[in-house]
Amino acid sequence: MLTDERMMAEIRDANLSYLILAQSLIRKDPVQALYRLGLSEETAELIDQLSPAQMLRIAQGNMLICRFRFDDQMLWSLLADHGAADDQREDRSAARLHAAILMSGNFQETMVESAAGEERVHGRS
């Protein structure tokens, strides 16, 4: 069993790793980063502008800054090949494709909500 201190150290490591990965993806290909990380454009811009000192400071918190994007049991079952035998390779490929389609739909919903929020902030209809 992990001690509280060790668990907190692992959370800080995960936070810093996530921030470094996120910043790297955002700088390399912002569109792909938004999709893969599930971030809004505004959040991606903020992460892109963080200095190393700011990333270290943010990572020191006692809570994970990233979270699981999916809370749908069906999606997790598709991703984990729940109940699939090893010889059912085509079924697993179809299940993963189905999961990818579902996830891309979630991304589209997020982008539409983000755009609507931006229009409200800037007074556009």
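Counting neighbouring Cβ atoms within 10 Å and putting the fewest first, the residues 63, 55 line up as 63, 55. Put simply, the amide H of residue 40, placed in the peptide plane, has no neighbours under 5 Å, leaving out anything fewer than 5 places away on its chain.
Extension gain, residue 53 to residue 24: 0.36 nm times the residue separation minus the Cα-Cα distance gives 8.9 nm.
Rounded to the nearest 0.05, what FRET efficiency do residue 17 and residue 80 give with R0 = 30 Å and r taken as the Cβ-Cβ distance? Could you check?
On the way: r = 23 Å, r/R0 = 0.76.
Rounded to the nearest 0.05, the efficiency is 0.85.
Residue exposure proxy: 5, 42, ordered by other Cβ atoms within 10 angstrom of their Cβ from fewest to most, comes out as 5, 42. The modelled label-to-label distance between residue 4 and residue 69, using points 7 Å beyond Cα along the C-beta direction, is 3.4 nm. Taking a ≥ b ≥ c as the square roots of the eigenvalues of the Cα gyration tensor of region 1-67, is the shape rounded (a/c under 1.5), prolate (a/b larger than b/c) or oblate? It is prolate, given that a/c is not under 1.5 and a/b is the larger ratio.
Each reported figure results from applying straightforward, stated rules to the coordinates on display, with no laboratory input. Remember, predicted model here, so these are calculated numbers, not experimental data. Backbone-built Cβ (ideal geometry, glycine too); neighbour counts: all protein chains shown.
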